[in-house]
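*Asks:* I have a structure here, written as structure tokens, and I will follow up with some questions on it.
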Ligand SMILES: [Zn+2]
């Protein structure tokens, strides 16, 4: 059992459980249990959100890993999000249901980001002087 001394917040790990039980019973104002389950759950290491491409207006699914500082984007069919998820680093949590639903609802099956981008880029090219 892990035992915590309340006055100093110091934790004594793997303390003999019988002795710990006696101490907890006799001095509850001095000792407390400090089991591993009591430690707070670490914050999510990946974030998911939906945005629009500034170039094409295409709906984009974003994911950023706090551990690797990597930012990945996806712009494809909602059914293929799972495939995209498999290509990500090990820290990445699965895409939350609400985000996946939002993306699927907003994504309208437009052509891939690449071809849309080039169409826009070519349209902006100035005409050559004759
Ligand atoms: Zn990562």
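*Asks:* Contact list please: Cβ distance under 9 Å, first residue in the range 78-101 and on the phi < 0 side of the Ramachandran plot, second residue within 15 Å of the ligand (Cβ to nearest atom) and assigned to a helix (DSSP H, G or I), pairs at least six apart or on different chains.
*Replies:* Close Cβ pairs satisfying both conditions: 92/85; 94/85; 95/84; 95/85.
Yes/no matrix, rows are residues, columns are (1) at pLDDT 90 or above; (2) surrounded by 11 or more Cβ atoms within 10 Å (Cβ to Cβ):
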{"residue": "6", "(1), (2)": "yes, yes"}
{"residue": "15", "(1), (2)": "no, yes"}
{"residue": "30", "(1), (2)": "yes, yes"}
{"residue": "34", "(1), (2)": "no, yes"}
{"residue": "37", "(1), (2)": "no, no"}
{"residue": "48", "(1), (2)": "yes, yes"}
{"residue": "51", "(1), (2)": "yes, yes"}
{"residue": "65", "(1), (2)": "yes, yes"}
{"residue": "77", "(1), (2)": "no, yes"}
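*Asks:* Could you check the range 79-99 and list, in sequence order, the residues that are surrounded by 13 or more Cβ atoms within 10 Å (Cβ to Cβ) and away from the ligand (no atom under 16 Å from the Cβ)?
*Replies:* Hits for the range 79-99 are 81, 96, 99.
The values are calculated or read from the model by the stated rules, or taken from the named source; none is laboratory data. Everything numeric in this text was worked out from a predicted model, so none of it was measured. Glycine also receives a Cβ, built like all others from the backbone with ideal geometry; neighbour counts cover every protein chain displayed.
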